[in-house]
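Notes to accompany the following structure.
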Amino acid sequence: MRVLIVEDEPLVAQRLERFCREILGSRLEGLHTAPTFDAAEARLAEYAADLVLLDLNLEGRDGMELLQASVARSFHTIIVSANTEHALRAFEFGVLDFVPKPFSRDRLARALERAAQPAPTTAGVARHLAIKKHGRVETIAVEAIAYVRGAGNYSEIVLRDGHRELHDKSLERLQDILPGDFTRIHKSYLVRLADIVALHAHEGSRYDAELRGGTFLPIGRTRYRELRARFA
């Protein structure tokens, strides 16, 4: 795991770095720090981070601006901040966790262990996703998403109006932060359970999910049995 710490207080940054090294151990592939908003932007442009630990007050600059832009990127974000009044808004933009200052080693460890897991244990509560488009970042409401299709290290977000947008997060990483009613019906598809109106079985052990609006998406064999039992 490659980690970037964005923190303007040197002592706090050092403590975070020490805890990251102790908790992640051999799983830590690289660790960098950025003390300012501008330094964080520059580092993120050149460093392929897997996880960002982000303070929300960076020498007077609002870390929420960096967070909103980072939602469009492939990495996950954990907020480490005393500004707990921003926790709800931060979760709406897809952070994995909000660790309030002052923090203990155990509290940070819980957040880091979740980020280090190869598969999500609990879904997030993101209400917005951000995409990079024409050199700028735009946000889209999660409610506007019809389904998500995996596209290698990226994801194709298909909106209810038919528009398609490419997101830098993989399908697995998006599943980490999307609300819990999004489910994996196939290795390449995430859909909202409430949007499934019927399940169809075909010859040759092929299965489809019919969505509202008439879209049909493939279902994996194991997932079909699970979905059929749930809908029954």
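Readers should treat all values here as calculations from the given coordinates under stated rules, not as data from a laboratory. Since the structure is predicted, the reported quantities are computational estimates derived from the model, not experimental observations. No Cβ is skipped: glycine too gets one built from the backbone with ideal geometry, and neighbour counts run over all protein chains shown.
Details
- Gaussian network model of the chain, Cα within-10 Å springs - most flexible of Q68, Q175, Q117: Q117
- Relative to the longest principal axis of the Cα atoms of the chain, helix 10-24 runs at roughly 50 degrees.
- Extension gain, E92 back to E156 (0.36 nm per residue minus Cα-Cα distance, nm): 21.0 nm
- The chain - share of DSSP beta bridges that are antiparallel (%, nearest 5): 65
- Long-range lysine pairs (8 or more apart or interchain), the chain, Cα under 27 Å: 5
- Cα-based helix-to-principal-axis angle, 37-46 vs the chain, degrees rounded to 10: 50
- Computed on the Cα trace of segment 109-232, the radius of gyration divided by the Kirkwood hydrodynamic radius gives Rg/Rh = 0.98.
- Taken one residue at a time, the phi angles of segment 88-93 give Karplus couplings (6.51, -1.76, 1.60, θ = phi - 60°) of 4, 4, 4, 5, 5, 9 Hz. Gly and Pro are set to x.
- Residue list for segment 74-95, given a label point 7 angstrom along the Cα-to-Cβ vector of D62 and an amide N cut-off under 20 Å: 77-95
- Per-residue ellipticity at 222 nm computed for the chain from its helices equals -8500 deg cm²/dmol, with DSSP H segments shorter than 4 residues left out and the rest contributing -39,500 (n - 2.57).
- Distance in nm between pseudo-label sites at H200 and R221 (7 Å out along the Cβ direction from Cα): 2.1
- Positive-end residue of S74, A229, V6, charge dipole of the chain with Cβ unit charges: A229
- All-pairs Cα distance distribution in segment 2-116, expressed in whole percent, bin size 5 Å: 2, 12, 26, 28, 22, 9, 1, 0
- Cα-based convex hull, the chain, per residue volume (Å³, whole number): 135
- Each peptide in 160-172, 46-58 receives the mean, over its residues, of other Cβ atoms within 10 Å, and ordering these scores from highest gives 46-58, 160-172.
- Taking amide H atoms as placed 1.01 Å from N in the peptide plane, the amide H of K169 lies under 5 Å from those of S155, each 5 or more residues away in sequence or on another chain.
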